Amino acid sequence: MWEKYSPYADRNFLSSLRTEFHARFWEMLLCTQLLEAGFKVVKESSAGPEFYITLDGKRFWVEAVSPKAGTGPDAVPPIEYGHAGTLPIDKIVLRVASALSEKLSHYRRALAAGRISPDDGYIICINPSQVPHAKFGTDPSYPSRALYGAGNLTLGIDRDSRKILDQFNVYTPSITKKSGASVATSPFFGPGEISCSAVIYSVMDFFNIDRCLGDDFGVYHNPNAARPLPIQAFRMFDQFVPEPIDESRFTLRHISREAA
């Protein structure tokens, strides 16, 4: 993997592995996966974003981020092996939402500095493998919760017949932190974020890379994007596209990856 990635690594990559191993490995894994998929990857500077690919004649910058458990009362607690407990779903969703917000700030700075053109696309690639519990997953998925506001499954049941009349996921556009502050969790649904073309999500890390390499990647499209990501470009990954029903309801279309 290093042989493929070394031409794209910045000069501090190897030394920073000692302190930022998971984050830097995610950059390397992401780049090599794109290369294996046939994309031409271009690295311009160490100032960021990581690199770009070209689709339909347009540049799409690729920015990688690997959030950690966080600090303070909203931090994701460590796993306690041998003990039963509840999954801290909201806290994990907050870590994904925070990673997105961080890289959107990077986008605005890069745009102001002229490193990114307003005509370029921007793909944020989130890998929360450092966040406790995140690998276990949930339904709806963490990115579905953090990007589209998809909440828990709710059933409408007839009191007399006990038959299920309706089922849907509650729309959850925000999560309230312990401090009382509200964090938006539906930037890709409704009149929200337009600069991010899509999110690529994976919990793959160095320790489970041989188990399901490539099968773990998901592309979550932003229907509001000023520069949307072409669906046909990422047929090697599972893809998710929201299709609105009304102002507070949508269906999430799952496009399964194509076999190699």
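Quick notes
- 2 or more residues under 26 Å from residue 33 (Cα atoms): qualifying strands (runs of 3 or more DSSP E) within segment 49-159: 51-55, 58-65, 121-126
- Picking from residues in segment 236-260 that are surrounded by 16 or more Cβ atoms within 10 Å (Cβ to Cβ) and free of Cβ contacts under 8 Å to residues at least 24 places away in the same chain, the one that is farthest from residue 191 (Cα to Cα) is 238.
- Exactly one residue out of 189, 217 is closer than 17 Å to residue 129 by Cα and either of a type in the set (Phe, Trp, Tyr) or at pLDDT 95 or above (or both), and it is 217.
- Failed condition for residue 169, given (1) modelled with pLDDT of 85 or more; (2) not in a loop (DSSP other than H, G, I, E, B): (1)
- Close Cβ contacts (under 8 Å, 6 or more residues apart or on different chains) running from residues in segment 106-120 that are under 19 Å from residue 65 (Cα atoms) to residues that are part of a helix (DSSP H, G or I) comprise 116/107; 116/110.
- Residue that is within 30 Å of residue 176 (Cβ to Cβ), surrounded by 19 or more Cβ atoms within 10 Å (Cβ to Cβ) and either in contact (Cβ under 8 Å) with a residue 60 or more places away in the chain or touching a Ser or Thr at 6+ places or on another chain (Cβ under 9 Å) (or both), where the choices are 49, 73, 67: 67
- Residue 172 vs. criteria of a type outside the set (Lys, Arg) and either under 17 Å from residue 99 (Cα atoms) or surrounded by fewer than 16 Cβ atoms within 10 Å (Cβ to Cβ) (or both): no
- Scanning segment 55-69 for residues that are more than 18 Å from residue 124 (Cβ to Cβ) and at pLDDT 95 or above turns up just one, 69.
The values are calculated or read from the model by the stated rules, or taken from the named source; none is laboratory data. The shown structure was predicted, so the numbers you read here are calculated from the model rather than taken from an experiment. Methodologically, a virtual Cβ is constructed for each residue, glycine included, from the backbone with ideal geometry; neighbour enumeration extends over all protein chains shown.
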